[in-house]
Amino acid sequence: MDVEQDIEINIALENAAKAHGIPPLLPLMDLEEKQSISVKELLATDAEKILVVSARYDVASILSAKLVKQRRCWRSEWALHFNNKVERWTNACSDLKTNLDHAMQPLSAPDGLIVSRRRREICQSEVRDSARGRLKFYPE
């Protein structure tokens, strides 16, 4: 995502994250990042490359997403990299605000816990505990 070109998405993403108590940190997407990782690699099964590229931010969790605008709605695919695990989910077509709100819900469980929708597994998270715990967002 080019933050300057995708202002609507950037604002909606930051608002949804803040509404769920998640302090977002968007990537710089400078030349170094653009040459280091492709959009296709952001949601790849092998998380090694995204972890290497994100190391410069010193974050505990990385959230990557593919947002696709269709005629009157947005659909999305998400991947959360946390504690050597990758959790994936999708959101059906809805308006941008609703789609992003649904995407943030698994990340904002009570007491700073991340809840897996599929396995209902709860992992203690540092996501909301400190600046180091900020999520790194990589929307397409």
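Brief remarks follow.
- Identity of the residue in the range 38-65, modelled with pLDDT under 80 and crowded, with 17+ Cβ neighbours inside 10 Å, that ends up nearest to Phe82 (Cα to Cα): Ala47
- Qualifying residue in the range 32-39 (condition: part of a loop (DSSP other than H, G, I, E, B), touching a residue at least 12 places away in the same chain (Cβ under 8 Å) and closer than 17 Å to Ala79 by Cβ): yes
Yes/no matrix, rows are residues, columns are (1) at pLDDT below 85; (2) on the phi > 0 side of the Ramachandran plot:
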residue	(1), (2)
Val68	no, no
Arg71	no, no
Ala79	no, no
Pro106	yes, no
Gly112	yes, yes
Arg117	yes, no
Cys123	yes, no
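- When Ala12 is tested against the conditions (1) without any contact (Cβ under 8 Å) to a residue 12 or more places away in the chain; (2) farther than 15 Å from His81 by Cβ; (3) among the hydrophobic types (A, V, I, L, M, F, W, C), the lone failure is (1).
- Counted residues, the range 66-82 - those being surrounded by 13 or more Cβ atoms within 10 Å (Cβ to Cβ) and outside any strand (DSSP E or B): 1
- Taking the numbered list (1) within 12 Å of the chain's Cα centre (by Cα); (2) surrounded by 15 or more Cβ atoms within 10 Å (Cβ to Cβ) in turn, Pro23 passes all entries but (2).
- Just one of the numbered conditions (1) in a helix (DSSP H, G or I); (2) modelled with pLDDT of 85 or more is not true of Thr90: (1).
The values are calculated or read from the model by the stated rules, or taken from the named source; none is laboratory data. As the structure is a prediction and not an experimental result, all values here were calculated from the model. For neighbour counting, all protein chains shown are included, and Cβ atoms are generated from backbone atoms with ideal geometry for every residue, glycine included.
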